[in-house]
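Here the structure is laid out as structure tokens; the discussion comes afterwards.
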Amino acid sequence: MPQFSNATIVKTANVYFNGNVTSRTVILDGGSKVTLGIMLPGTYEFGTESPETMEILSGNLDVMLPGETEWLKVQGPSTFHVPGHSKFKLEVHSVTDYCCSYV
């Protein structure tokens, strides 16, 4: 879906890795939450509390998902899923626009 309707946007940014990864939280009608953000080239590791769906809108990166031994190449637009209570690594090769949904 290219847009969200009936949503509330939290003004304060989520800033990670000295500003190389930023996002804004969007609370959807019904209370579910997504974040919309940008990642600059670099290597990052994130932890999850709940399962996440990462929708890469544009950009080029590799992801090492939990339990895997090989990097998954991702070219936007594309989607991958991350289990809850886990960590995953990203090698971002170009400016990447993303939407993260929390399941």
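Assorted remarks:
- Pro2 loosely packed, with under 14 Cβ neighbours inside 10 Å and out of contact with any strand residue (DSSP E or B) (no Cβ under 9 Å at 6 or more places or on another chain): yes
- Sole residue being within 21 Å of Ile9 (Cβ to Cβ), charged (D, E, K, R), in contact with a Ser or Thr (Cβ under 9 Å, 6 or more places away or on another chain) and modelled with pLDDT under 95, chosen from Asp29, Asp97: Asp29
- Members of region 14-58 found to be closer than 21 Å to Ser94 by Cβ and small (Gly, Ala, Ser), listed by number: Gly19, Ser23, Gly37, Gly42, Ser58
- Of everything in region 77-98 that is under 14 Å from Thr48 (Cβ atoms) and of a type in the set (Gly, Ala, Ser), the residue that is surrounded by the fewest Cβ atoms within 10 Å (Cβ to Cβ) is Gly84.
- Matching entry among Glu55, Glu45, Glu49 (being touching a residue at least 12 places away in the same chain (Cβ under 8 Å), part of a loop (DSSP other than H, G, I, E, B) and under 15 Å from the mean Cα position of the chain (by Cα)): Glu49
- Candidates in region 18-37 are the residues that are over 21 Å from Lys87 (Cβ atoms), touching a residue at least 24 places away in the same chain (Cβ under 8 Å) and surrounded by fewer than 16 Cβ atoms within 10 Å (Cβ to Cβ); of these, the one that is farthest from the chain's Cα centre (by Cα) is Asp29.
- Of the criteria (1) over 20 Å from Asn14 (Cα atoms); (2) exposed (fewer than 14 other Cβ atoms within 10 Å of the Cβ), which one Val74 fails: (2)
- Glu52 vs. criteria of a type in the set (Asp, Glu), in contact with a strand residue (DSSP E or B) (Cβ under 6 Å, 6 or more places away or on another chain) and surrounded by 12 or more Cβ atoms within 10 Å (Cβ to Cβ): yes
- Failed item in (1) touching a Pro at 6+ places or on another chain (Cβ under 9 Å); (2) assigned to a loop (DSSP other than H, G, I, E, B); (3) aromatic (Phe, Trp, Tyr), with Phe88 passing the rest: (2)
- Of Gly30, Gly42, Gly19, all but one fail to be touching a strand residue (DSSP E or B) at 6+ places or on another chain (Cβ under 8 Å) and of a type in the set (Gly, Ala, Ser); the exception is Gly42.
- Verdict on Leu61 being under 22 Å from Pro2 (Cα atoms), in contact with a Cys (Cβ under 8 Å, 6 or more places away or on another chain) and in a strand (DSSP E or B): no
The values are calculated or read from the model by the stated rules, or taken from the named source; none is laboratory data. Model, not experiment: these values are computed from the prediction. Every residue, glycine as well, gets a Cβ built from its backbone with ideal geometry; the counts of neighbours run over all protein chains shown.
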